[in-house]
1. Taking residue 107 as meeting all but one of (1) in contact (Cβ under 8 Å) with a residue 40 or more places away in the chain; (2) more than 10 Å from the ligand (Cβ to nearest atom); (3) in contact with a helix residue (DSSP H, G or I) (Cβ under 9 Å, 6 or more places away or on another chain), write down the number of the exception.
2. What helices (runs of 4 or more DSSP H), lying completely within the stretch 160-246, carry at least 1 residues that are surrounded by 13 or more Cβ atoms within 10 Å (Cβ to Cβ) and touching a strand residue (DSSP E or B) at 6+ places or on another chain (Cβ under 7 Å)?
3. State yes or no: is residue 65 part of a loop (DSSP other than H, G, I, E, B) and either within 22 Å of residue 143 (Cα to Cα) or within 17 Å of the chain's Cα centre (by Cα) (or both)?
4. In the stretch 227-259, which residues are in contact with a helix residue (DSSP H, G or I) (Cβ under 8 Å, 6 or more places away or on another chain) and within 12 Å of the ligand (Cβ to nearest atom)?
5. Residue 23 is checked against (1) touching a strand residue (DSSP E or B) at 6+ places or on another chain (Cβ under 8 Å); (2) within 12 Å of the ligand (Cβ to nearest atom); (3) touching a residue at least 40 places away in the same chain (Cβ under 8 Å) and fails just one. What number does that condition carry?
6. In the stretch 1-16, how many are within 16 Å of the ligand (Cβ to nearest atom) and surrounded by fewer than 24 Cβ atoms within 10 Å (Cβ to Cβ)?
7. Could you identify the single residue in 85, 46, 36 that is more than 13 Å from the ligand (Cβ to nearest atom) and either part of a loop (DSSP other than H, G, I, E, B) or in contact with a helix residue (DSSP H, G or I) (Cβ under 6 Å, 6 or more places away or on another chain) (or both)?
8. Just give me the residues in the stretch 130-151 being more than 16 Å from the ligand (Cβ to nearest atom), touching a residue at least 40 places away in the same chain (Cβ under 8 Å), more than 18 Å from residue 72 (Cα to Cα) and assigned to a loop (DSSP other than H, G, I, E, B), in sequence order.
Ligand SMILES: NC(=O)c1ccc[n+]([C@@H]2O[C@H](COP(=O)([O-])OP(=O)(O)OC[C@H]3O[C@@H](n4cnc5c(N)ncnc54)[C@H](O)[C@@H]3O)[C@@H](O)[C@H]2O)c1
């Protein structure tokens, strides 16, 4: 059963792409939403839309997930304002063109820079959301649910992007650890691994006809996902409709990882 209307959910990277689409679907269900993004203008504009789309509340926070104090303060403020916190989506992430070099030419600067956002940033969000989810769950609210966003790159590697691939592998492992640690208190954690998705992160690539043609061959469904097709899985996992699903690493990739 969907209990989204009773939930307050924080979404990192909520200002764009998959995070924004998740916020939009949460809004349509009447949830309260905290949008955490380094791009505060995008977060503010989205919150205005979310309120007219049915969100109980929608509050933007300017947060760089690399900055632990910013993450902690935003989550605490959101929980205080919403009267608790029942969900977290960690969608903030980057892919840098400099990362797409052969490993023998990769730099530790780029490797660290990607890990700092995609993996350490995810850790910061989980670390500071978890006590809030625990308190809200113990108080009898909807049981806490965390959905991390990794990538098919973390499942099988794409043959490029050392930092990106390692960061997403780390997110997958962290989610499994979290699910085991929190299961007894009724808190769930799952990881969604999108395949190629039509968001600002990928738009440059998708506008290249050569790449598009290659794509048709590498993805059995022959197309990229729309962000809403990833968001619907994220929102399902957040909700009580997935009450016995935890510790799962689920690809939404048009059958691309089928061997
Ligand atoms: N688009 C794809 O093909 C694809 C495929 C697999 C996985 N993913 C993953 O999905 C997630 C969302 O990506 P997207 O495609 O929606 O990209 P996007 O660029 O549209 O959105 C990413 C959001 O994260 C925010 N962000 C970036 N760095 C941040 C930081 N340091 N602190 C806070 N916010 C920050 C950006 O401002 C942006 O709003 C990412 O983790 C990405 O790795 C995307």
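The values are calculated or read from the model by the stated rules, or taken from the named source; none is laboratory data. All values reported here derive from a predicted model rather than from experimental measurement. As a convention, Cβ positions derive from the backbone with ideal geometry for all residues, glycine included, and neighbour counts pool all protein chains shown.
1. (1)
2. Of the helices (runs of 4 or more DSSP H) lying wholly inside the stretch 160-246, those with at least 1 residues that are surrounded by 13 or more Cβ atoms within 10 Å (Cβ to Cβ) and touching a strand residue (DSSP E or B) at 6+ places or on another chain (Cβ under 7 Å) span 162-182, 227-238.
3. In short, yes.
4. 227, 228, 230, 231, 234, 251, 252, 253, 256, 257
5. (3)
6. 1
7. 85
8. Of everything in the stretch 130-151, those that are more than 16 Å from the ligand (Cβ to nearest atom), touching a residue at least 40 places away in the same chain (Cβ under 8 Å), more than 18 Å from residue 72 (Cα to Cα) and assigned to a loop (DSSP other than H, G, I, E, B) turn out to be 139, 141, 142, 143.
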